[in-house]
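The block underneath contains the structure these notes are about, expressed in structure tokens.
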Amino acid sequence: MLAPGFIDVHTHDDTQVIKHPSCEAKISQGVTTVIVGNCGISAACALLKGDPPDPMNLLGKRSDFDYPSFAEYILAVQEAAPAVNVAALVGHTTLRNNVMDNLYRPATQTEIQLMRRALRYALEQGALGLSSGLAYASAHEATTDEVKALAEELATFDAVYTTHLRSEFEPILTAMEEAFATARHADVPLVISHLKCAGAGNWGRTKEVLSLMDSAAKGQDIGCDCYPYAASSSTLDLKQVTDEFDIFITWSDAMPEQGGRMLDDIAKSLNVSLLEAAKRLQPAGAVYHCMDEKDVQNVMRYPLTMIGSDGLPNDPHPHPRLWGAFPRVLGHYCREQNLFPIEQAVHKMTGLSAQRFALKDRGQIREGAFADLVLFDPETISDRATFSSPKQAASGIKRVWVNGALAWQEGNQTGQRSGRFIKRKQ
Ligand code: ZN
Ligand code: CU
């Protein structure tokens, strides 16, 4: 089966496409374009005064942030010549961190003006839009008005607002209303990032969540993305520590030897509570088995949902979505679980995504479009990355072309790296 190259609309590959331009985790899945700068954190436009704050530390160490302007980020990507195309959002948290001495408060009017100016400048240089990560402490104190003011800058550029909601737990509906209101205020398209019902008390609520999506979609331009797993992953958040589901520690700066173990086991061996163990591990990364499988399937099947991996390439023990998200949708969910027809699955990772982010002449196979293509075997395609062994290339991806050049063939990279930087409406 020949499909348009897959577009990974939700990535944290900002520094990866520069430091490790072979992008094997992506090209081996048939991904030909990545959108970076999600969840409020972008390497582009970052002016660090010290170590990157949580969760900017997911993107790398201080020395990895070397792109104070969007134009400098574009140049660095072009010089690195990654295997995949790259398009980028500007992160709200990144902008906050540039202009604020303390992230744990709302921005002042002056700071908002400074952020608006930086955002406008980045949009002029080709940024796709603005992302936010309001659930994280580093952006949680931002008021809705702060975000609305920034979103106003998007309108003239027809740029998009994407958001990691203020809550994916019990208050999710209120958080969605906030996102709708922000986008409506600026009259810009909205993408809700990795839409999910997180937390044991929240399981089964995708019915409410999706019917709210339906009613909002009648009045404004909205969409969402998701990854095909019932576990999330990010930095270790003390507020998410619970005994209601498994938490796996992927890395820990304070106790590196504990990376790769369950929080529960670590707590037992330290003879302390889960929360105390989590405190001692900070800063750290985690995989939270916080979702209900049925909810995951409901969101994935939803017509406005695109596929985005949310993979974390700097994690030494990454969530398997980094290497497996796209083949898992086609193999596990499409072929084995019959969640949707294959055309629909492909659309969710190509045409729908290109349209949503206005990636011109991408996401389709037609004369005049860029030849981003993936040839795969629908009978055998499957993800091989697992939670215990996550760095595994998928099987069933035969060939991948990026801008007409063959990049992947029968399990190997060809050495051709022909990805381009895609500016908004280029
Ligand atoms: Zn996120
Ligand atoms: Cu993310």
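Computed from the coordinates by the stated procedures, all read-outs in this text should not be read as laboratory data. Keep in mind that this is a model prediction, so the values were computed, not measured. So basically every Cβ, Gly included, is an ideal-geometry build from the backbone, and we count neighbours across all protein chains shown.
Applied to the range 9-17, the Karplus parametrisation 6.51 cos²θ - 1.76 cosθ + 1.60 on θ = phi - 60° returns per-residue 3J(HN,Hα) values of 6, 10, 9, 10, 8, 3, 8, 4, 5 Hz, with x for Gly and Pro. With a cut-off of 15 Å on the backbone N, the residues of the range 288-317 near the modelled label site 7 Å out from K19 along Cα-Cβ are 312-317. Each peptide in 247-260, 319-332 receives the mean, over its residues, of other Cβ atoms within 10 Å, and ordering these scores from highest gives 319-332, 247-260. Taking amide H as placed 1.01 Å from N in the peptide plane, the amide H of N38 sits under 5 Å from that of T11, each at least 5 places away or on another chain. Relative protection proxy for 279-287, 338-346, from highest mean packing down: 279-287, 338-346 (other beta-carbon atoms within 10 angstrom). Couplings 3J(HN,Hα) for the range 391-408, derived from phi with the Karplus relation 6.51 cos²θ - 1.76 cosθ + 1.60 (θ = phi - 60°), are 9, 10, 5, 6, 10, x, 8, 7, 9, 9, 10, 10, 6, x, 9, 6, 10, 9 Hz, where x marks Gly and Pro.
For the chain, the share of DSSP beta bridges that are antiparallel, to the nearest 5, is 50%. Summed over qualifying helices (DSSP H, 4 residues or more, each -39500 (n - 2.57)) and divided by its residue number, the chain shows a 222 nm mean residue ellipticity of -8500 deg cm²/dmol. With K and R counted +1 and D and E -1, the other residues having a Cβ less than 15 Å from that of A186 yield a net charge of -4. Each peptide in 125-137, 158-170 receives the mean, over its residues, of other Cβ atoms within 10 Å, and ordering these scores from highest gives 125-137, 158-170.
Value of Rg to Rh for the chain, rounded to two decimals, is 0.94; Kirkwood radius and Rg both from alpha-carbon coordinates. Taking all C-alpha pairs of the range 1-82, those more than 23 Å from each other amount to 21 percent. The stretch between K423 and A254, if pulled fully straight at 0.36 nm per residue, gains 56.9 nm over its current Cα-Cα span. Where a ≥ b ≥ c are the square roots of the eigenvalues of the C-alpha gyration tensor, would you call the range 294-370 rounded, which needs a/c under 1.5, or, failing that, prolate if a/b is larger than b/c, or oblate? Oblate is the answer for the range 294-370, as a/c is 1.5 or above yet b/c matches or exceeds a/b.
Residue farthest toward the positive end of the dipole of the range 232-289, with Cβ of Lys/Arg at +1 and Asp/Glu at -1: which of G285, F245, S233? Comparing the listed Cα positions along the dipole, G285 ranks first.
Summary of the geometry: the range 361-426 and the range 121-136, compared by the centres of their Cα atoms, lie 26 Å apart. A Förster radius of 51 Å combined with the Cβ-Cβ distance from E276 to R399 puts the calculated FRET efficiency at roughly 0.50.
Rounded, prolate or oblate: which fits the range 232-289, taking a ≥ b ≥ c as square roots of the Cα gyration tensor eigenvalues, rounded meaning a/c under 1.5, else prolate when a/b beats b/c? Taking the square roots of the gyration eigenvalues as a ≥ b ≥ c, the range 232-289 is rounded. With Cα atoms as the point set, the range 124-180 shows a radius of gyration and Dmax of 11.9, 39 Å. The separation of the range 45-68 from the range 201-250, counted between C-alpha centres, amounts to 26 Å. Rg ratio for the range 301-426: its Cα radius of gyration over 2.2 N^0.38 Å, N being its residue count, equals 1.08. Computed over the alpha-carbon pairs of the range 48-178, the distance histogram in 5 Å steps reads 2, 10, 20, 22, 22, 14, 7, 3, 0 percent, short to long. Using 15 Å as the cut-off for backbone N distance, which residues of the range 285-299 belong to the label zone defined by a point 7 Å from the Cα of D246 along Cα→Cβ? 286-293, by backbone N distance to the label point.
Full extension of the chain between R105 and Q364 gives 88.8 nm of extra length, using 0.36 nm per residue less the Cα-Cα distance.
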